[in-house]
Structures are given as structure tokens and as C-alpha cells.
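Asker: Please read through the structure below; I'll follow up with questions.
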Amino acid sequence: MVKAKRKKTNLGSYKFGSVLFSITLSLFITGLVGLILLQAKALTSLIRENIEIQVFLNKNLSESDIKKLENTIRSKPYILEKDGEKRFSYISKEEAARVFTSEIGEDFTQFLNENPLRDTFTFSVEESYQSADQLEDLVRELQLMEGIFEVSYMQDLVESINKNLVKVSMILGAFVLILLITVVILINNTIRLALFSQRFLIRSMQLVGATKGFIRKPFLRRSFFFGALGGLLASAMLFGLMEYGRQMIEGFNLLYNLEWLLLLFSGLIILGAILSLLSTLKSVNKYLNMSLDDLY
């Protein structure tokens, strides 16, 4: 009669397929929400970059006065700087007249006998200066400068953007909090169920004199590895999704920030490793301190 071979079970060698799948899926969903937040932030920044302030100058200013005024305003910290260049432009009244004439198809200066337009500075404002109060202070500061006739900006648009951003931030913040709690519970329950099959092996190791630290070590090492691996797999899936979006959606590159993506992926790997480690530690300690009757 041939005896069936009993498969040897090593401490900490429980099946991690379902655990890895759960960790990867949970982190992928978390990362997807993170991507949405990053894209929302990038989109918000693009919208804010289009908030411009127009500075209309007094008539009959000399070129030297205009240049001096331009240098003064350019040096201000609230001027948006992107790709090493200030988002600042000067449009003379002659150039403005040519543009306006080409748009309406008629030279309006002919029947007015003069050019009513003014030399204008137009610039974008740094995001940190775009609150309603800061913009009002900025406008007042500019209007006090000699040679400036009027300062204008789209006040209603700024107020609308700021109000909507507060509402969206509160909703997304609550959603992220709920999601994180759900992910923690899911990973914790998955690991706890996986370790349930190891409870008698843990007790057997205790009976032969193994210390708690010796028993914990292979479980913690394995869980840390698979948690990090789950984060890595989730990051790879998200990166593939981003690359697909760049190829299929026109203008998607404007929202693409590799530095923020790398930070998100690093966070997912660390989060997966830590959550897996802590959940395993909690479950192993539970079975280490459980009585024999409770194990059944």
C-alpha cells in the first residue's frame, strides 16, 4: 500500500495569491483616486493660469516711462513664472488697433479720427496670490503707481473658481478618507483570513519552544514583500493607464506631471508594504495570544 506524501508546510508559507490580488486591487483603486486628484490639481492650475490682469496706461507716456513701469511690475512676486519665463506681455495701442481692426474687418480709427485704445500690460498671477482679498490688494497697489490709468480682471470668474474649489476639495477629501478606511479594512481582513489556516502551525511552534519574535519574522518579511509588490503592480497598471490616456486623448499631456506620478507610485508601494506589515503583525499577535480552545 502506497502512503500519500504529506506536503511539508513552512512557517509563513501560506498562499498569498488572494492576498496579493486584494492588495493590488485596493492600491490600484486608491491610486486611481490619487490620479484623479492630481489631474484635478493640474487642471485647476491651468485654469488659474488663464486668470489675467490688464493694466491700462495713461496716454502720451514716453517709451522710457513705459519701460520703467514695465520693469517695476515685472519685478513683483505675484507675476506668474513658467518654464523660466514671466507670463507678462506689453501691447501698444497701435498693435491693439491693428488686432481690433482685423477682427471687425473695418478700420475704426478712420471715422473716429483717433485711436481711443491704450497701451496695455497683461500678465498672469501666481496661484498663491489668487484669493479675492489678495487680488484686490494687488489691484490697489497697481492703481497707485504713476502712469497707470486703470486695472481690471475677471472678478466674477475668480470668485466662482475659488468657491467651487472649496466645495470640490471638501467632497474629494471626504471620499478619499472613506476610501482609505475601506482599503485598510479590506487588506486587514484578507490577511487575517489568510493567516487563519496557519493558526495551528503557530501554536505548534510555540509548543516546541519558538519565541514570538522567531514566529513573527517569516510572516512579517513575506507580508512586507507582497505588500510592496502589490503597490508596484498597482503603480504599473496606473502608469499604463496614463500612457494610454496620453495616446488617445488630445491635450492630455498638459495634465501630465511625471514628478507627481513618481511620488504617487512611491506612496502606493510604501502604503502597501506598511498596511500589509501592520495587518500581519496584528493577526499573528492575535493567534500567538489565543488559547487552544479559541483556536478551534
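Asker: Of everything in region 233-252, what is in contact (Cβ under 8 Å) with a residue 24 or more places away in the chain, farther than 14 Å from L38 by Cβ and among the aromatic types (F, W, Y)? Give them in sequence order.
Answerer: Start the filter on region 233-252 by keeping residues that are in contact (Cβ under 8 Å) with a residue 24 or more places away in the chain, which leaves 233-235, 237-239, 241-242.
Add one more test, that the residue is farther than 14 Å from L38 by Cβ, and what stays is 233-234, 237.
Result: no residue meets the conditions.
Asker: Related question: Right, F226: of a type outside the set (G, A, S), surrounded by 14 or more Cβ atoms within 10 Å (Cβ to Cβ) and closer than 30 Å to S45 by Cα or not? Give the derivation first.
Answerer: Working: of a type outside the set (G, A, S): yes; surrounded by 14 or more Cβ atoms within 10 Å (Cβ to Cβ): yes; closer than 30 Å to S45 by Cα: no.
Considered against the rule, which asks whether it is of a type outside the set (G, A, S), surrounded by 14 or more Cβ atoms within 10 Å (Cβ to Cβ) and closer than 30 Å to S45 by Cα, F226 comes out as no.
Asker: Identify the single condition in (1) of a type in the set (V, I, T); (2) surrounded by 13 or more Cβ atoms within 10 Å (Cβ to Cβ); (3) outside the structural domain of N71 (by TED's automatic domain parsing) that I171 does not satisfy, given that it satisfies every other one.
Answerer: Status for I171: all satisfied but (2).
Asker: Right, M248: surrounded by 14 or more Cβ atoms within 10 Å (Cβ to Cβ), in the same structural domain as T182 (by TED's automatic domain parsing), farther than 26 Å from Q198 by Cβ and within 26 Å of the chain's Cα centre (by Cα) or not?
Answerer: On the way: surrounded by 14 or more Cβ atoms within 10 Å (Cβ to Cβ): no; in the same structural domain as T182 (by TED's automatic domain parsing): yes; farther than 26 Å from Q198 by Cβ: yes; within 26 Å of the chain's Cα centre (by Cα): yes.
Criteria not met by M248.
Matching residues to (1) aliphatic (A, V, I, L, M); (2) farther than 28 Å from K41 by Cα; (3) not in a helix (DSSP H, G or I):
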{"position": "T182", "(1), (2), (3)": "no, no, no"}
{"position": "F200", "(1), (2), (3)": "no, yes, no"}
{"position": "Q206", "(1), (2), (3)": "no, yes, no"}
{"position": "R221", "(1), (2), (3)": "no, yes, no"}
{"position": "A234", "(1), (2), (3)": "yes, no, no"}
{"position": "L241", "(1), (2), (3)": "yes, no, no"}
{"position": "Q247", "(1), (2), (3)": "no, no, no"}
{"position": "K286", "(1), (2), (3)": "no, yes, no"}
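Asker: One residue is enough: does region 36-56 have a residue meeting the conditions among the acidic types (D, E) and over 30 Å from L241 (Cα atoms)?
Answerer: Taking region 36-56 and keeping what is among the acidic types (D, E), we get 49, 52.
Filter once more, so that each one left must be over 30 Å from L241 (Cα atoms): 52.
Scanning region 36-56, I find at least one residue that is among the acidic types (D, E) and over 30 Å from L241 (Cα atoms), so the answer is yes.
Asker: Which residue, of L20, L69, L11, L61, is at pLDDT 80 or above, out of contact with any His (no Cβ under 7 Å at 6 or more places or on another chain), under 30 Å from T211 (Cα atoms) and surrounded by 17 or more Cβ atoms within 10 Å (Cβ to Cβ)?
Answerer: Numbers: L69 fails: under 30 Å from T211 (Cα atoms); L11 fails: at pLDDT 80 or above; L61 fails: under 30 Å from T211 (Cα atoms).
It is L20.
Asker: Take V183 and decide whether it is surrounded by 13 or more Cβ atoms within 10 Å (Cβ to Cβ), of a type outside the set (F, W, Y), farther than 30 Å from K67 by Cβ and not assigned by TED's automatic domain parsing to the domain that holds E63.
Answerer: Numbers: surrounded by 13 or more Cβ atoms within 10 Å (Cβ to Cβ): yes; of a type outside the set (F, W, Y): yes; farther than 30 Å from K67 by Cβ: yes; not assigned by TED's automatic domain parsing to the domain that holds E63: yes.
In short, yes.
Asker: What's the number of the only condition in (1) exposed (fewer than 13 other Cβ atoms within 10 Å of the Cβ); (2) modelled with pLDDT of 80 or more that L38 fails to meet?
Answerer: Tallying (1) exposed (fewer than 13 other Cβ atoms within 10 Å of the Cβ); (2) modelled with pLDDT of 80 or more, L38 fails exactly one: (1).
Asker: Take the residues in region 187-200 that are surrounded by fewer than 17 Cβ atoms within 10 Å (Cβ to Cβ) and within 30 Å of L27 (Cβ to Cβ); name whichever of them is modelled with the lowest pLDDT. Give the derivation first.
Answerer: Residues of region 187-200 surrounded by fewer than 17 Cβ atoms within 10 Å (Cβ to Cβ): 189, 192-193, 196-197, 200.
After this cut, where a residue has to be within 30 Å of L27 (Cβ to Cβ) as well, the list is 189, 192-193, 196-197.
Working: N189: 84, R192: 80, L193: 80, F196: 74, S197: 71.
This residue is S197.
Asker: Closer than 30 Å to M242 by Cα and at pLDDT 85 or above: which single residue out of R87, R74 fits that description?
Answerer: Details: R74 fails: closer than 30 Å to M242 by Cα.
Answer to the check: R87.
Asker: Given the conditions (1) part of a strand (DSSP E or B); (2) surrounded by fewer than 17 Cβ atoms within 10 Å (Cβ to Cβ), and given that F100 satisfies all but one, which numbered condition is not satisfied?
Answerer: (1)
Asker: Follow-up question, since we're still on this one. Among the numbered criteria (1) outside any loop (DSSP other than H, G, I, E, B); (2) out of contact with any Leu (no Cβ under 9 Å at 6 or more places or on another chain), which single criterion is violated by N60?
Answerer: (1)
Table: residues versus (1) without any contact (Cβ under 8 Å) to a residue 24 or more places away in the chain; (2) within 25 Å of the chain's Cα centre (by Cα).
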| position | (1), (2) |
| --- | --- |
| V33 | no, yes |
| E52 | no, yes |
| N60 | yes, no |
| I66 | no, no |
| S92 | no, no |
| R118 | no, no |
| E126 | no, yes |
| S131 | no, yes |
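Asker: Report every pair of residues separated by at least 6 positions or lying on different chains whose Cβ atoms are under 8 Å apart, first residue within region 196-224 and in the same structural domain as N285 (by TED's automatic domain parsing) and closer than 13 Å to Y287 by Cα, second among the hydroxyl-bearing types (S, T, Y) and assigned to a helix (DSSP H, G or I).
Answerer: Short answer, once both residue conditions are applied: Q198/Y287; R199/Y287; I202/Y287; R203/Y287; F219/T280.
The values are calculated or read from the model by the stated rules, or taken from the named source; none is laboratory data. Source: prediction; values computed, not measured. Methodologically, a virtual Cβ is constructed for each residue, glycine included, from the backbone with ideal geometry; neighbour enumeration extends over all protein chains shown.
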